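What follows is a set of notes on a single structure, which appears directly below.
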Amino acid sequence: GSAENSEANQNNGLADYIMLLVFDERNENIRILNLNPDTMVQMPILGVDGRPAGTNYGQLALSHTYGVGLEDSCENTRKTVSDLLYGVNIDYYLSINMDALPILNDSVGGVTVTVTDDFSAIDPEITKGEFTLHGDQAITFVRSRRDVANQMNISRMERQQEYAEGFMNSLRAKLKDGKTFILSAFAQVHRYIVTDFSTSVISSMLDRYRDYDIVEIISPEGEYVLGEQYYEFHLYEEALDALILRLFYVPKN
């Protein structure tokens, strides 16, 4: 539904799909860091007054449950991701509730993906091979885990990555008509969105980065372990170190 205040220091919203866009102004391209929501991290806890009240070790997706579900929850997730990446600065955040996905999906004329999993138990219209998603099929494709493939989150993440690539391809075609499209789409889904940037910031970013190509979508390496109740994804620390250096730093001359 719409982004609303939970009136409590915790809410029911999980960060189901988390990606960090890295704009490389030196090489004029974009890389997307796709973060597994099951990644085990140390995250801040917000108390009843919204102030920090310690930390919790758990799945990254839970970082959004602290707070009323609006700006404070987004800030908590941003802080958690920043800490995970050794304090890298994250300029802006954008949280979109799932009900906005069909609207955005159809605003770009549908999103074409390659379907490799069997969706017949959920939506038999979604067939294997190249398929263009419309309406609620977008949510089915990116969210479904039960009765699909091995029912593991890693399979769902692969579909989410496939969808992100397909969506960006459709979006890029729309942007050729000018930035008015993105501003119009933003207005259609504004009640599902929580963000700390304005339409003027979006406009300026479009002017600056419109011609940048997405050259890579990266998922940090790690392994799944069955915890006491749920599966946990543990990152390989050395691989994460190397990835952070590659994404955010340049060698010193």
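The values are calculated or read from the model by the stated rules, or taken from the named source; none is laboratory data. The structure presented is a predicted model; accordingly, all values stated were derived computationally and were not measured. Positions of Cβ are backbone-derived with ideal geometry, glycine not excepted, and every protein chain shown enters the neighbour counts. The protein model used for the area step is the full one, side chains on, heavy atoms only, and it has no ligands, DNA or RNA in it. Shrake-Rupley method; radii C 1.70, N 1.55, O 1.52, S 1.80 Å.
Taking only region 1-45 into account, find how many residues are of a type in the set (Asp, Glu) and in contact with a helix residue (DSSP H, G or I) (Cβ under 6 Å, 6 or more places away or on another chain). Show your work before the answer.
Step one: filter region 1-45 for residues of a type in the set (Asp, Glu), giving 4, 7, 16, 24-25, 28, 38.
Filter again for in contact with a helix residue (DSSP H, G or I) (Cβ under 6 Å, 6 or more places away or on another chain), leaving 38.
The qualifying residues number 1.
Take region 91-137 and flag every residue that is within 19 Å of the chain's Cα centre (by Cα), open to solvent by 30 Å² or more (accessible area, probe 1.4 Å) and more than 23 Å from ALA3 (Cα to Cα).
If the condition is that a residue be within 19 Å of the chain's Cα centre (by Cα), open to solvent by 30 Å² or more (accessible area, probe 1.4 Å) and more than 23 Å from ALA3 (Cα to Cα), then THR112 is the only one that fits.
When both residues are 6+ apart or on different chains and their Cβ atoms are under 7 Å apart, which pairs have a first residue that lies in region 126-147 and is closer than 17 Å to ILE96 by Cα, and a second that is in a strand (DSSP E or B)?
Every condition considered, the pairs that remain are ALA138/VAL111; PHE141/VAL113; PHE141/LEU133.
Six or more apart or on different chains, Cβ under 7 Å: which pairs go from a residue in region 160-189 that's closer than 15 Å to GLY110 by Cα and hydrophobic (A, V, I, L, M, F, W, C) to one that's open to solvent by 60 Å² or more (accessible area, probe 1.4 Å) and assigned to a loop (DSSP other than H, G, I, E, B)? Could you list them?
From region 160-189, the pairs are LEU175/ARG210.
Just to verify a result, which residue in region 28-66, among those that are touching a residue at least 60 places away in the same chain (Cβ under 8 Å) and part of a loop (DSSP other than H, G, I, E, B), is most open to solvent (accessible area, probe 1.4 Å)? Even if it seems obvious, please write down each step before you answer.
Just the residues of region 28-66 that are touching a residue at least 60 places away in the same chain (Cβ under 8 Å), to begin with: 28-40, 59.
Going one step further and asking which of them are part of a loop (DSSP other than H, G, I, E, B), we end up with 28, 36-38.
Numbers: GLU28: 114, ASN36: 7, PRO37: 5, ASP38: 27 Å².
The extreme case among them is GLU28.
Among (1) surrounded by 16 or more Cβ atoms within 10 Å (Cβ to Cβ); (2) over 30 Å from HIS134 (Cα atoms), where does GLY69 come up short?
(2)
Going by the structure shown, is SER73 among the small types (Gly, Ala, Ser), assigned to a helix (DSSP H, G or I) and out of contact with any helix residue (DSSP H, G or I) (no Cβ under 7 Å at 6 or more places or on another chain)?
Working: among the small types (Gly, Ala, Ser): yes; assigned to a helix (DSSP H, G or I): yes; out of contact with any helix residue (DSSP H, G or I) (no Cβ under 7 Å at 6 or more places or on another chain): no.
In short, no.
So, of the residues in region 156-187 that are of a type in the set (Ser, Thr, Tyr) and surrounded by fewer than 16 Cβ atoms within 10 Å (Cβ to Cβ), which turns out to be farthest from the chain's Cα centre (by Cα)? Show your work before the answer.
To start, the set of residues in region 156-187 that are of a type in the set (Ser, Thr, Tyr) comprises 163, 170, 180, 184.
Adding the requirement that they be surrounded by fewer than 16 Cβ atoms within 10 Å (Cβ to Cβ) leaves 180, 184.
Details: THR180: 24, SER184: 21 Å.
Among those that are of a type in the set (Ser, Thr, Tyr) and surrounded by fewer than 16 Cβ atoms within 10 Å (Cβ to Cβ), it is THR180.
Pairs under 9 Å by beta carbon, first residue under 15 Å from ASP83 (Cα atoms) in region 222-251, partner small (Gly, Ala, Ser), six or more apart or different chains?
Pairs that qualify, where the first residue is under 15 Å from ASP83 (Cα atoms) and the partner is small (Gly, Ala, Ser), are LEU235/GLY222; LEU240/GLY222.
Being β-branched (Val, Ile, Thr), closer than 27 Å to ASP207 by Cβ and buried (at least 19 other Cβ atoms within 10 Å of the Cβ) is the requirement here; does VAL88 meet it? Spell out how you get there, then give the answer.
Details: β-branched (Val, Ile, Thr): yes; closer than 27 Å to ASP207 by Cβ: yes; buried (at least 19 other Cβ atoms within 10 Å of the Cβ): no.
The answer is no for VAL88.
From LEU243, LEU206, which residue is closer than 19 Å to ILE30 by Cα, open to solvent by less than 40 Å² (accessible area, probe 1.4 Å), assigned to a helix (DSSP H, G or I) and modelled with pLDDT of 95 or more? Explain how you work it out, then say what you get.
Numbers: LEU206 fails: modelled with pLDDT of 95 or more.
When all the criteria are applied, what remains is LEU243.
Name the single residue, out of those in region 209-221 being touching a residue at least 40 places away in the same chain (Cβ under 8 Å) and open to solvent by 40 Å² or more (accessible area, probe 1.4 Å), that is farthest from PHE23 (Cα to Cα). It would help to see each step written out before you state the result.
Filtering region 209-221 for residues touching a residue at least 40 places away in the same chain (Cβ under 8 Å) gives 209, 211-220.
Those left that are additionally open to solvent by 40 Å² or more (accessible area, probe 1.4 Å): 211, 213-216, 219.
Details: ASP211: 12, ASP213: 10, ILE214: 9, VAL215: 11, GLU216: 11, SER219: 17 Å.
The extreme case among them is SER219.
What residue, of VAL48, VAL81, is of a type in the set (A, V, I, L, M) and either more than 20 Å from ASP196 (Cβ to Cβ) or out of contact with any helix residue (DSSP H, G or I) (no Cβ under 9 Å at 6 or more places or on another chain) (or both)? Please lay out each step first, then the result.
Values: VAL81 fails: either more than 20 Å from ASP196 (Cβ to Cβ) or out of contact with any helix residue (DSSP H, G or I) (no Cβ under 9 Å at 6 or more places or on another chain) (or both).
Among VAL48, VAL81, only VAL48 is of a type in the set (A, V, I, L, M) and either more than 20 Å from ASP196 (Cβ to Cβ) or out of contact with any helix residue (DSSP H, G or I) (no Cβ under 9 Å at 6 or more places or on another chain) (or both).
Among the listed residues THR199, THR195, identify the single one that is over 27 Å from THR114 (Cα atoms), at pLDDT below 85 and either buried (at least 17 other Cβ atoms within 10 Å of the Cβ) or touching a helix residue (DSSP H, G or I) at 6+ places or on another chain (Cβ under 7 Å) (or both). Before you say what the answer is, go through the steps one by one.
Working: THR195 fails: at pLDDT below 85.
Criteria check complete, one pass: THR199.
Looking only at region 190-204, count how many residues are in contact (Cβ under 8 Å) with a residue 40 or more places away in the chain and more than 14 Å from GLU71 (Cα to Cα). Explain how you work it out, then say what you get.
Just the residues of region 190-204 that are in contact (Cβ under 8 Å) with a residue 40 or more places away in the chain, to begin with: 191-197, 201.
Pick out the ones that are also more than 14 Å from GLU71 (Cα to Cα) and you get 201.
So the answer is 1.
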